[in-house]
Amino acid sequence: MKKIFNFALYDFANSAFTTIIITFIFATYFAKQIAPNPILGQSYWGWTIGITGFLVAIIGPIAGSFADKKNRIVFFIRSFSLLCILFTALLWFSKPSESYLLYTLIIVGIANLFYELSLIFYNSLLKDISTSKNLGKSSGFGFALGYIGGIIILLLSIKLFIDTDHLPFGLTNEESQNIRATALLVSVWFLIFSIPFLFFAIRETKKKITKNISSNITDIKKLVWNGRFSVLGKFLIARMLYADGLNAIIVMGGIFAVGVFNLEIKELLKLSILMNITAFIGAFVGGVANDRFGSKIVIIFSLVGLIFSSIAILFIYSKSTFFLLAAVNGLFIGPVQSASRVVITSLLDKSNQGKGFGLFATSGKLTSFLGPLLVSTVTFITGSQRIGFSAAIILLLAGLIILLNIKRI
């Protein structure tokens, strides 16, 4: 149980980065105060996240295979986590001016690259800390604790830096120091709560160091294609599509809420807290359901829920109704992510976990630019964030259709 808790504690730690930086506070700050306008802000932000996702897709499988063969999984997760923490702290220097637009996008892109690479090796350790009978519960508990971390870091951000007349540490509202300070808070949070997992709970296992890069690439290919697509290969294609849609919703969600429903920063934070609460419930319940009914059923049910709630959001204009539907949306996000991780873990033996989750990252990132890129580009062309956001739903539906045609998961 201690291993599972420490594993989940890393989710608790790194959720601060996606919640505060990628999705809500910093993304919104960039769109409203650094970019020329929210429309361009959504486009630039989405393109940047898309580019870093593409880089992860290229690097991930090779890095994972190298880690499997060269006994470097722990080294990589430690290094990439610390680099993400460092570059996140550098966002403190992103002042509210268009002259800081390129700087902010570069730093966010690099931080996100290291964050995504760290997840490859984090996910690959699920089989080491769990058993085949409780993979779903272990994975679900990790995501659930991550959402709790998201809630707490948002509340701290509100109380310390936004909803207060007395800013700490001598900060002022000038040049948005209070908003920029949230990047420092994320760095400290990520560092402190990842220490138990990174430096006390995991150790490299001794392996015979063999094989070169070319043989690694051959091994990667055999996992997904050996005369025809394997079950793993088919699942990765389905996951590639629905992950693109999910990624677009997560990355662009805060900017969409601000641009379409005119949410103020306090309202946006309340929305995020609400969605994290429902996502926590969904991840926990989904983990239990995973062990009982199977990962495929959980993913299908969650994707259907996401598609219908997202479609409804496009046609409503009431803030209160939007909050309700966004909460429903959050309920289904956790189970999709958790169950997908379990599928990959179950299909791989321990010697292939690094390269397997490298491919998992590729399936989520090779075309991860597609979701944000489609949303950003359609938004740019039509001048409508509603129409732009519909692209994410199409990707969810495409992934669901392919998943329904995979029989053995």
Exercise. In the range 318-328, which residue that is of a type outside the set (V, I, T) and in contact (Cβ under 8 Å) with a residue 12 or more places away in the chain is farthest from G245 (Cα to Cα)?
Worked result: K319
Exercise. Given the structure, is F17 within 27 Å of S176 (Cα to Cα) and either in contact (Cβ under 8 Å) with a residue 60 or more places away in the chain or small (G, A, S) (or both)?
Worked result: yes
For this session: Go through the range 261-305 and give me each residue that's under 24 Å from K407 (Cα atoms), in contact (Cβ under 8 Å) with a residue 60 or more places away in the chain and among the hydroxyl-bearing types (S, T, Y).
Result: S295
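Read-outs: derived from the displayed coordinates by stated rules, not from any lab. All of these numbers come straight from a predicted model, not from anything done at the bench. All Cβ positions, even for glycine, are placed from backbone atoms using ideal geometry, and neighbour counts span all protein chains on display.
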